[in-house]
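Nothing in this text is a laboratory measurement; each read-out follows from the coordinates by a stated rule. Nothing here was measured: the structure is a model prediction, and the numbers come from that model. All Cβ positions, even for glycine, are placed from backbone atoms using ideal geometry, and neighbour counts span all protein chains on display.
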């Protein structure tokens, strides 16, 4: 994975596969220069056995093969950049993943194109409410796919003008958020 | 066209667009909709599925093809990622491997528009003789 936006795509995919109806992705920069990424969903959750093996690359709930690298790769990135990862889950309630990165660490991954990643997730999973939250010392913002859909009426997010507009808005918000770093 | 800077601006944009375009109800004509699924598991994303997916969403819209692009999990063809599954109306789904933007463009132009097969198909829809016989018995 080249950057954090790709990891977000990957982790959110886990939530989608767990039949989540709402997925909240948040990025918070704290005063100690840590970036906290959290992905919270209301999907099926994991049982104790699965949760214990969530960081094990040789464990997967899929039946196509016995390997699952999504969370292990993110854990490796977080730990390599002076951070950590934690996963909490309750069966029937949902899962909460938190990964922290020290922004001043040379191995901290680049953020990547998070606006595009958010638009893509929203546009390609119409039945799921995707919420992106950003918070820093100077500002905060939120993108909520349900609100966006309400404002748009029946116009799809992939419509050219809509896409350009949303990406413009997301990019503006995101560059403000990057000012916190 | 309104510059979108906040959520509220989207409403203005919608009003402008509604005058201009006829809003297509997706799912209105499922029998004529092209379905594209992009494999977006760890393997797919790591090999560039995001760029391919954004390309497909933009281009299918731009070229006026009635289509739905969604994500799917790993189909077990990690060696051939990024993979996409294309279902033309009334056809069996086809899986293409090693899809970059150039390949995606070829798939749109040749397969989706004209039904012409292109290189890179992974034979997922082949049935074994046993499966065929079992179906025959049922």
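Restricting to bridges with both residues inside segment A:4-178, how much of the DSSP beta-bridge set is antiparallel, in percent to the nearest 5?
80
In what sequence, highest mean first, do A:76-86, A:136-146 appear when ranked by Cβ atoms within 10 angstrom?
So the order, starting with the most tightly packed, is A:76-86, A:136-146.
Under the rule a/c < 1.5 gives rounded, and otherwise a/b versus b/c splits prolate from oblate, where does the protein assembly as shown land using the Cα gyration tensor?
It is oblate, given that a/c is not under 1.5 and a/b is not larger than b/c.
Is the shape of chain A best called rounded, prolate or oblate, per the rule: a/c under 1.5 gives rounded, else a/b larger than b/c gives prolate, else oblate, with a ≥ b ≥ c the square roots of the Cα gyration tensor eigenvalues?
Judged from the Cα gyration tensor, chain A comes out oblate (a/c at least 1.5, b/c at or above a/b).
Once the Cβ-Cβ distance between residue B:79 and residue A:59 is put in as r, and R0 is 25 Å, what FRET efficiency do you end up with, to the nearest 0.05?
So, using R0 = 25 Å, E works out to roughly 0.75.
Which one of A:23, A:39, A:162 has the biggest mean-square fluctuation once chain A is modelled by GNM with Cα springs under 10 Å?
Maximum fluctuation in the GNM of chain A, among the listed residues, is at A:162.
Taking 0.36 nm per residue of separation and subtracting the Cα-Cα distance, what length does fully extending residue B:19 through residue B:121 add?
Using 0.36 nm per residue and subtracting the Cα-Cα distance, I get 32.5 nm.
Considering only C-alpha atoms, what is the centroid distance from segment A:93-157 to segment A:15-75, in Å?
About 15 Å separates the Cα centre of segment A:93-157 from the one of segment A:15-75.
Compare A:89, A:60, A:26 in a GNM of chain A, Cα atoms joined below 10 Å, and give the one with the largest fluctuation.
It is A:60.
Among bridges DSSP assigns within the protein assembly as shown, what percent are antiparallel (round to 5)?
If I count the DSSP bridges inside the protein assembly as shown, around 75 percent turn out antiparallel.
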